[in-house]
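Structure record follows, encoded as structure tokens.
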Amino acid sequence: MRYRTCAFSLALLAISAFAADTVLAQPAHPPKDPPKDAAKKPPAVINPPPTAKDWADIAKLPDWSGVWNPKVTDQDAQIKTNPPPWNAKAAAEIAKMFAEEKAGKPRLIFSDCLPEAMPAWMLVTHNAMEILFTPGRVTMLGESDGNRLRRIYTDGRPHPDEPDPTFHGHSTGRWEGDTLVVDTVDILPQAPVAISEAAGVPNNGDMRVVERIHLADKDILHDDLEIFAPKVLTAPWKTTRTFFRQRARKFDIVEGVCQQGNLSERIDKDGNAVFVPIERTPWGNIAVPN
């Protein structure tokens with residue numbers, strides 16, 4: 001009985017001490033109760049199911065269907081007519097790359113089957129692409145590899161609070177009339193600012209790309225880019241890339257697997273069809289057999 005009484009007393013003391021601490025912990029002037037209409041709202045759904053209105057709104061957007069090919073001759077011309085404002089270090093590296101290309105030993109900017117990344121994809125790609133409109137986003141699909149993919153979110157979401165850099169970065173977009181304005185951040189520092197497949201330097205971080213994509217004519221798409229890359233450029237670089245549409249059914253984007261180019265088709269000792277690695281130089285080019 002004495003044990004029970006002591007235990008009960010100790011429990012009362014503990015409860016009293018807790019209550020005292022609780023009272024002392026209260027603010028001198030506790031906040032007033034919030035109004036009923038200020039109840040906390042549940043977090044927004046990241047990808048809500050589309051509604052009939054969402055699909056109806058897409059029907060009002062400009063027609064970007066079909067297969068789009070880059071105007072490669074214009075890409076090449078802009079190397080001379082509108083070069084990036086490189087800083088001294090980047091300019092020296094680019095000059096060295098041009099010299100090596102002229103000497104017949106170009107360095108491949110895009111090696112190891114990594115994505116071309118942003119903004120190089122839009123600047124120097126030689127491959128076709130397709131553009132899809134779905135509720136809340138615009139998706140760009142490139143012909144080369146499954147990694148040639150951009151998601152441009154048009155549902156009003158902001159960029160992430162905590163950056164998670166990727167090859168193509170995080171893109172948000174909004175429509176200004178028939179022009180899609182795209183803001184891309186969180187791009188890996190290794191992603192190049194490239195002016196050709198043989199000339200370009202890593203952006204080295206803090207890069208931002210703003211695009212204004214619009215139809216310049218019925219079957220001509222312009223991508224007006226403004227590239228902010230303070231580690232390699234002395235000023236923002238404004239440039240435009242042109243894509244032309246192929247509407248005929250015989251044109252389509254096809255599967256492209258970059259890694260397949262690093263392999264040779266062979267038959268092994270058991271008669272199975274296999275891939276065998278091709279020897280390459282440190283620059284990424286196929287090694288010349290001895």
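Just one of (1) within 20 Å of residue 159 (Cβ to Cβ); (2) crowded, with 17+ Cβ neighbours inside 10 Å fails for residue 195. It is (1). Here residue 110 meets each of (1) part of a helix (DSSP H, G or I); (2) at pLDDT below 95; (3) touching an Asp or Glu at 6+ places or on another chain (Cβ under 7 Å) with one exception, condition (1). Of the residues making up the stretch 144-161, those that are in a loop (DSSP other than H, G, I, E, B), within 23 Å of residue 195 (Cα to Cα) and touching a Ser or Thr at 6+ places or on another chain (Cβ under 9 Å) are 144, 148.
Hey, among the residues in the stretch 118-143 that are polar (S, T, N, Q) and open to solvent by 30 Å² or more (accessible area, probe 1.4 Å), which one's modelled with the lowest pLDDT? Applying the filter and picking the extreme gives 127. Is it the case that the stretch 209-224 has a residue that's of a type outside the set (Lys, Arg), modelled with pLDDT under 95 and open to solvent by 40 Å² or more (accessible area, probe 1.4 Å)? Taking every residue of the stretch 209-224 in turn, none turns out to be of a type outside the set (Lys, Arg), modelled with pLDDT under 95 and open to solvent by 40 Å² or more (accessible area, probe 1.4 Å). Taking each residue of the stretch 59-80 that is surrounded by 15 or more Cβ atoms within 10 Å (Cβ to Cβ) and looking for partners that are among the aromatic types (Phe, Trp, Tyr) and part of a loop (DSSP other than H, G, I, E, B) with beta-carbon atoms closer than 9 Å, six or more apart or interchain, yields 66/251; 67/251; 69/251. Among the strands (runs of 3 or more DSSP E) confined to the stretch 210-272, the ones with at least 2 residues that are closer than 27 Å to residue 138 by Cβ and in contact (Cβ under 8 Å) with a residue 12 or more places away in the chain are located at 220-228, 237-246. Just one of the listed residues (255, 226, 265) is more than 21 Å from the chain's Cα centre (by Cα) and either of a type outside the set (A, V, I, L, M) or closer than 15 Å to residue 66 by Cα (or both), namely 265. Count of the stretch 229-252 residues, restricted to those that are closer than 23 Å to residue 70 by Cα and open to solvent by 70 Å² or more (accessible area, probe 1.4 Å), is 7.
The values are calculated or read from the model by the stated rules, or taken from the named source; none is laboratory data. What you see is a predicted model, and the numbers here were worked out from it, not measured in a lab. Quick reminder, even Gly has a Cβ in these numbers, built from the backbone with ideal geometry, and neighbours come from all protein chains shown. Ligands, DNA and RNA are excluded from the accessible area calculation, which covers all protein heavy atoms including side chains. Shrake-Rupley method; radii C 1.70, N 1.55, O 1.52, S 1.80 Å.
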